[in-house]
Amino acid sequence: MLDLGGIGANCCMPIWHARCLLSCAGLCQFQNFQKVCCRTSESFFSGIFVERTSNTVFSASSPRPRRVLDGYRDNSAMHHTQSLLPRDAIVNLRASKIREVANAGIGRDDVLTFWFGEPDEVTPDFIRTAAADSLARGETFYSHNLGLPELRETVASYLSQLHANPHATITSDNIAITSAGVNALSLAAQCIVSPGDHVVCVTPLWPNLVEIPKILSANVECVSLEFGERGWQLDLDKLLAALTPNTKMLMVNSPDNPTGWTLTRDEQQAILARCRQHGIWILADDAYERLVFDAHLGASGCAPSFFDISDAHDRLVSANTFSKSWLMTGWRLGWLVAPAPFIEQLGKVIEYNTSCSPVFIQRAGDAAIRGGDAVIARTQARFRIARDHLCAALNALPGVHAPPPPAAMYAFFKVDGMKDSLAFCKRLVTDYGLGIAPGAGFGEEGEGYLRWCFASELPRLDDGIARFKAGLAGLR
């Protein structure tokens, strides 16, 4: 029993007050008391502390401890030494080196920025007007977790035309609207990956994809592309060897950020067969599927897709975004395509993450797909010209190797003699006013390389090339 012998009797405190205070401390064995007296409740508790290791209470007036309930502790010394950090999986995440470079240029309006994957043009008028009209109608309330039914239908129709496959018909039941493409990737991973699972990624790769499974305490194995005269290529045998019965998920971005590498149909068929054999989920990041420049990859203006060869029973999930093809990076709108049973459960996960995407932004997305074919065609043509222009200029510089990428919006090129791409990129910002991304930001496989987003007008690219040439001379 609790010893209250040290409590004074000059100031009375009602039994309900004492009971409440003691209950908060976990010391509730005082049911027979009629009245508890002390000077103040604060002075009462200042004389008592609980130590888990000894499982005793020390009263200010008691020479000997008394036994108390287990599991309580109010030790100020220990309190001040407890870590305030989140769990280890979060602490161990690698910070974005791209953001680190960008932070070096904060507050400067003289920096030419090519570090992020976004075009230098604003979103087309008809898309912005759709959002403005929605706001004018007062559409500022919540929507369905999975998105507006009409937008889900629009996405399903768009994909069905793009990837006509009688064995895997895409309907609105296969679609969920998300708050950005990266949110789609995160939601999918949350639905698939458990702590300790084996996840395989093809790298160099946008760091978000590699780190998302780590947030969920999964183990990530990276299979690196290989760089040569023809650019970045996949060692298919190496990838297939990494896909074992213990693998839970393969994450593949094709076309790839940062390299522009794109899976061929034969490679896709081999990968799909292996994943079927072992029951492995495929999470495909298809953000750049419409930004294809080489006709042998996508004669229809679209990169080869797993949807072209899959069936309804495949463990296949695709994440996509409105950001790249429709120039909507700041809108933060995307979608997921998955088997209908998967989508049914996904609504719960969306609810506990973002709940839903804003209605007016979804209206803009609907307008983008319905009226955006001309936008995509113009973007493809414009980016192809920019790619050729930038890569030609880079290859004219000594020690620079920049094979034109077959897709996406980046030149990921090698610079001879560059050992620390992060330090070099920071110096480009501070000394030359040029912002490009360090190759090390895409994994250790990317060290010695740089990523330059060429989604820009040619005069702006020329200005950047001049600055890069000066910075390169300073490197050597």
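As a rough guide to protection, the peptides 168-176, 129-137 ranked by mean Cβ packing within 10 Å, highest first, stand as 168-176, 129-137.
Projected label points at LEU475 and ARG427, each 7 Å from Cα along the beta carbon direction, are separated by 0.9 nanometres. Charges were assigned to the Cβ only: +1 to each Lys and Arg, -1 to each Asp and Glu. The resulting dipole of the range 87-214 about its Cα centre is roughly 440 debye.
The modelled label-to-label distance for the pair ARG99/LYS238, using points 7 Å beyond Cα in the direction of Cβ, is 2.9 nm.
Taking the range 382-402 and a reference point 7 angstrom along Cα→Cβ of GLU121, the backbone N atoms nearer than 18 Å belong to 382-390.
Taking a ≥ b ≥ c as the square roots of the eigenvalues of the Cα gyration tensor, the range 161-203 is classed as prolate, since a/c reaches at least 1.5 and a/b is larger than b/c.
Peptides 318-329, 265-276 ranked from most to least packed give 318-329, 265-276, packing being the mean of other C-beta atoms within 10 angstrom over each peptide's residues.
Taking a ≥ b ≥ c as the square roots of the Cα gyration tensor eigenvalues, with a/c under 1.5 meaning rounded and otherwise prolate when a/b beats b/c, else oblate, which class fits the range 94-134? Prolate, since a/c reaches 1.5 and a/b exceeds b/c.
Within a straight-line Cα-Cα reach of under 17 Å, LYS426 can be paired with the following aspartates and glutamates, leaving aside sequence neighbours fewer than 8 residues apart in one chain: GLU100, ASP109, ASP110, GLU447.
Can you tell me the dipole magnitude for the range 289-345 around its Cα centre, using point charges on the Cβ only (Lys, Arg +1; Asp, Glu -1), in Debye to the nearest 20?
300
Of all lysines in the structure, the ones whose alpha carbon falls short of 23 Å from that of LYS419, not counting any fewer than 8 places away in one chain, are LYS97, LYS469. Classify the range 103-235 from the C-alpha gyration tensor, please: rounded if a/c falls under 1.5, else prolate or oblate depending on whether a/b exceeds b/c. Since a/c reaches 1.5 but b/c is at least a/b, the shape of the range 103-235 is classed as oblate.
Sorting SER254, SER217 by solvent-accessible area of protein heavy atoms yields SER217, SER254, largest first, with a 1.4 Å probe.
Place a +1 charge on the Cβ of each Lys and Arg in the range 436-475 and a -1 charge on the Cβ of each Asp and Glu, then give the dipole magnitude about the Cα centre in debye, rounded to the nearest 20. It would help to have the intermediate numbers written out before the result.
Numbers: 4 positive and 6 negative charges, 35 e Å.
Dipole size: approximately 160 debye.
The values are calculated or read from the model by the stated rules, or taken from the named source; none is laboratory data. Worth saying up front: this structure is predicted, and the values here are computed from it rather than measured. Positions of Cβ are generated from backbone atoms using ideal geometry, with glycine treated the same way; all protein chains shown enter the neighbour counts. Side chains are part of the model used for accessible areas, which takes the heavy atoms of the whole protein and leaves out ligands, DNA and RNA. Shrake-Rupley method; radii C 1.70, N 1.55, O 1.52, S 1.80 Å.
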